[in-house]
Amino acid sequence: SIVSHCRRRGFWFIKTWGAGFGRGGVPDLIVCADGRFVALEVKNEAGKVSKLQDLEMRQIEKSGGAVQVVRSLDEAIAVLDLHC
């Protein structure tokens, strides 16, 4: 799983799905490694990003963070390897 990969790599992370942060649209997994902020929105093959999720993702990018929709462990690893 993506969370297991983050643990193995020693990344700080928090999974937000189902956590009820009181703020909708926040990506599912927030990772910080080597001073880099990466957010992953995890979707299945048919999953679509909501308007609120899109807004949050654009705000993360505008603030200098990396954010990506991923649909598999391999995609998540590729994004994390690129940014961390």
Checklist entry - Restricted to segment 33-45, and to residues that are closer than 18 Å to G64 by Cβ and in contact (Cβ under 8 Å) with a residue 12 or more places away in the chain, which residue is surrounded by the fewest Cβ atoms within 10 Å (Cβ to Cβ)? => result D34
Checklist entry - Given the structure, is V38 assigned to a loop (DSSP other than H, G, I, E, B) and either within 14 Å of the chain's Cα centre (by Cα) or at pLDDT 95 or above (or both)? => result no
Checklist outcome for this item: Going through (1) within 18 Å of D81 (Cα to Cα); (2) touching a helix residue (DSSP H, G or I) at 6+ places or on another chain (Cβ under 8 Å); (3) open to solvent by less than 50 Å² (accessible area, probe 1.4 Å); (4) β-branched (V, I, T) one by one, I30 fails only at (2)
Item to check | Matching residues in segment 46-84 - criterion: being open to solvent by 60 Å² or more (accessible area, probe 1.4 Å), over 16 Å from I2 (Cβ atoms) and either of a type in the set (A, V, I, L, M, F, W, C) or in a loop (DSSP other than H, G, I, E, B) (or both) | outcome: A46, K48, L52, L55, S63, G64
Checklist entry - Checking G20 against (1) modelled with pLDDT under 95; (2) closer than 16 Å to V67 by Cα; (3) not basic (K, R), which single condition isn't satisfied? => result (2)
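The values are calculated or read from the model by the stated rules, or taken from the named source; none is laboratory data. Here the structure is a predicted model, which means the values were calculated and not measured. Methodologically, a virtual Cβ is constructed for each residue, glycine included, from the backbone with ideal geometry; neighbour enumeration extends over all protein chains shown. In case anyone asks, the SASA skips ligands and DNA or RNA and just uses the protein heavy atoms, side chains included. Shrake-Rupley method; radii C 1.70, N 1.55, O 1.52, S 1.80 Å.
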